[in-house]
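FYI, it's all coordinate maths here, none of it is from the lab. What you see is a predicted model; the values in this text were computed from it and never measured. When we count neighbours, we look across all protein chains shown, and the Cβ atoms used for this are built from the backbone with ideal geometry, even at glycine.
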Amino acid sequence: MDRISLYEKKDMSYTKVSNSFIDHYMTDANEAQIKIYLYLLRSVVSGDEISVAVIADRFNYTERDILRSLIYWDKQGLISLDHDDYGNVRGICLNNIEKPVFHGSIAPICGEMTPAEKSMSGPEKAAAPEHNVSSARPFYSAGQIQEFRENAEVKGLLFMTEQYLGRPLSSSDYSSILYIYDSLHFDVTLIEYLIDHCVNSGHRNMRYIESVALDWNEKGIRSVEDAKYETGTGRREFYDVLKAFGLSGRNPVKTEMDYIRRWRDEYGFSSELIIEAVNRTMNAISKPSFQYADSILQRWRAKHVSKMSDVVEDDKVHETRKRENTAPVKQQEKTGTSTRFTNFKERDYDFSELEKKFARN
């Protein structure tokens, strides 16, 4: 095969990448980490202003992904992070990686900087985990992917993903889905909700979807209910109920969330009916009570009430029965018919004989 000549135009702008990076660091880094480091090299040459948010938007990653990558390169010694008093990244120094490497660290050229893992505090400390889950992402061979595809559950998941993304899946897409399913141990229903949430939010990039999965994994999200609360879908339902109870300004506790989930998932009631039951509770006893609201909803459930028109009809039936039960008492009072005080057998008296009897005495 003929050789291919590789050359460049002398007047083109370029970003210089160290051979040490290519030979010693790039092989162990993941895709996101490589992209972020190369972008930092390009930005320091061009003088572009950057931020965590700007980088996240450019590469369709979450801000948490960007922070992971920055901390990774800080630990490797390729960069040094500077933070403000609140723990936010305010400066990034690209270190000289041409110097000899000792025990996995590289001497910086920017002076002594506080390592990210020691100086981070405040909001970003919780946002940046101590370990990098992505770095342990396994490689799936074509044979392994084919083996997974023969699994009926995974086969259905892959088909559903193609429908959501509107395109055939690439081998990289397959690897991402299998990573979430096989390594993060998300069940199929949670992955389906994950993809649905990301696509509806305008993100069809599988790497973005994978980054959200990593974020959920770190937060311990293992069910669709937990995911709904995290994304705000379920959270709004909780807060709407608390607001109707007059309990605004705080988060729901576990027992309250259990009640609301039961009303929605087990009883099958809409948010409209749940709020109606809460309003009736407040009108009846003038204080918040999940138990009282639950009794209302249990009664509606037994009567197969499923919409507001059913509630209205049930109220009419209740009022009709109430009138029927009180009508006989009122009628007796008007007509003078017997009551329990007059319902006895009257005797027949001979009043002339009674007069003679009392006269003799």
- Item | Rg over Rh, two decimals, region 141-231 (C-alpha only, Kirkwood Rh) | 0.94
- Task: Mind putting a number on the dipole of region 233-302 about its Cα centre? Charges go on the C-beta only, +1 for Lys and Arg and -1 for Asp and Glu, and I need it in Debye to the nearest 20.
- Result: 140 debye
- Query: trypsin sites (Lys or Arg not before Pro) within region 223-289: which are DSSP loop residues with at most 16 other Cβ atoms inside 10 Å?
  - Reply: R250
- Query: Under a Cβ-Cβ cut-off of 15 Å, what is the net charge of the residues other than G202 that fall near it, where Lys and Arg count +1 and Asp and Glu count -1?
  - Reply: 0
- Message: With the cut-off at 1.5 for a/c, could you classify region 233-302 from its C-alpha gyration tensor as rounded, prolate or oblate?
- Response: oblate
- Note on the structure: The size of the Cβ-based charge dipole (Lys, Arg +1; Asp, Glu -1) of region 184-298 about the Cα centre, to the nearest 20 debye, is 380 debye
- Item | Cβ-based charge dipole, region 141-231, positive-most Cα from S223, Y164, Y179 | Y164
- Item | ³J(HN,Hα), Karplus 6.51/-1.76/1.60, whole Hz, each residue of region 146-161, x for Gly, Pro | 5, 5, 5, 5, 7, 6, 4, 5, 5, 4, x, 5, 5, 5, 4, 5
- Which value, in debye to the nearest 20, describes the size of the charge dipole of region 141-231 about its Cα centre when Lys and Arg Cβ atoms bear +1, Asp and Glu Cβ atoms bear -1, and nothing else is charged? 260 debye
